[in-house]
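The values are calculated or read from the model by the stated rules, or taken from the named source; none is laboratory data. Predicted model only: the values in this text are computed from it and were never measured. No Cβ is skipped: glycine too gets one built from the backbone with ideal geometry, and neighbour counts run over all protein chains shown.
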Amino acid sequence: MTETKNATFLFWVKRCLARFTDYLIWGIICNLLILPLMQNAAIPDLFYFHCLYAALFAAFALYPLIEAFSVSRFGTTIGAKLTGLSVSNAEGQKLPFKTSLKRAYLVYAVGLGCFLPVVSLVCPLVALYFAVKGKEMFWDKKCASVVREEKPSVAAKVCLVLFYAVLLTGFGFAVKTFRDMNRMSVENEILLEYWEESKPVMEEIISQDAFSTPESVAKTAENLKKLQQLIVKYHERYDDLYVKQLEDIRNLPETADKVGLFHEVDARSEALRMHWFAQSMRLSMLENIVSFFSEANGKYRFENGQPVFEDPELMRAYQDFVIRISGIPAEEETVVEEEETSLPSLEITEEGAKEIPSDAKK
């Protein structure tokens, strides 16, 4: 039996492992309870991780109650039992619940920093310093508690090994799933970065002042070129990521996974490239429209949201361009031509077929 005052390095390793195991078990239980509740609550993605952090923070703030009950009732916790540790007073008796609760919250606050950012990194380092120096921990000193070490049973060792084996296996599956999800989100991330960088430029292009003066027209033309350059920039960046994705797929062990993932990545890549092409075509059409305003040099006005150029030739050229890219006026002309060239209505009489006058049809 080993007590804190005669502690060895292995003893402190076991204490850390025991507490780490306890918190892992509690964290798994809390996640199994909290995640389904949050999904049913339909929390927006923007606040999802904030709510998850708050829920887990509250859950771990309540854990000392569980630890205090376990120590006062059984003299140990699950993690401590698996590593052969127990907590008692100097006479070897179990701690009262009140003392156990005080000790548990001192560990939570002083030893772990209440899991607060930065603080939770500094506090364990301080505790490690006390362990290296062979000094008694603050919570053990305040609560007159003693941590004793005994040789764990074979069953406890087997359970501890199985727990971490299952945990590591699950972690491996989680990493693989994350990598697959990460491959699927590459295209979305590229598009999101593009839209975030292009949004200010696009807002200037579609603003009311974009064509108000020759200077604003020149600025709009410059912004359109910037957007074309952004498309080229992100297209090239994605090409590098696309090659990396293919290399990751080649390193997969199973052929079936390789084929399936290759087709998925190839399909997403083709969709993204078609998006770049369509976006570039739209910008090219806008550049052609801007060229009319540049040529007009401010000699135009807007009526009902449509430009009217003072130069008749330029106005006609602009209208022809709009017809080519929209096709709507052309369809209307076709309908008019069909109405004008339609056959006359005839009436069959004894004297023969006669044309019905238009007034009579009305």
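You will find that of 271, 317, the residue that is in a helix (DSSP H, G or I) and surrounded by fewer than 12 Cβ atoms within 10 Å (Cβ to Cβ) is 271 and no other. For the structure I just gave you, tell me whether residue 115 is aromatic (Phe, Trp, Tyr), surrounded by 11 or more Cβ atoms within 10 Å (Cβ to Cβ) and farther than 17 Å from residue 65 by Cβ. When the stated conditions are applied, residue 115 does not pass them.
In the condition set (1) over 20 Å from residue 8 (Cα atoms); (2) exposed (fewer than 14 other Cβ atoms within 10 Å of the Cβ), residue 125 is compliant with all but (1).
Condition check ((1) assigned to a helix (DSSP H, G or I); (2) of a type in the set (Ser, Thr, Tyr); (3) modelled with pLDDT of 85 or more; (4) not assigned by TED's automatic domain parsing to the domain that holds residue 197) across all residues:
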| position | (1), (2), (3), (4) |
| --- | --- |
| 234 | yes, yes, yes, no |
| 248 | yes, no, no, no |
| 252 | no, no, no, no |
| 264 | yes, no, no, no |
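Here 114, 51, 123, 30 are screened, and the one residue that is in contact with a helix residue (DSSP H, G or I) (Cβ under 8 Å, 6 or more places away or on another chain), under 30 Å from residue 154 (Cα atoms), assigned by TED's automatic domain parsing to the domain that holds residue 141 and part of a helix (DSSP H, G or I) is 30.
Going through the stretch 126-148 one residue at a time, which ones are in contact with an Asp or Glu (Cβ under 8 Å, 6 or more places away or on another chain) and either closer than 23 Å to residue 56 by Cβ or outside any helix (DSSP H, G or I) (or both)? Answer for the stretch 126-148, where residues must be in contact with an Asp or Glu (Cβ under 8 Å, 6 or more places away or on another chain) and either closer than 23 Å to residue 56 by Cβ or outside any helix (DSSP H, G or I) (or both): 146, 147, 148. Are any residues in the stretch 49-91 surrounded by 14 or more Cβ atoms within 10 Å (Cβ to Cβ), free of Cβ contacts under 8 Å to residues at least 24 places away in the same chain and within 17 Å of residue 144 (Cα to Cα), and if so, which ones? Hits for the stretch 49-91 are 75, 76.
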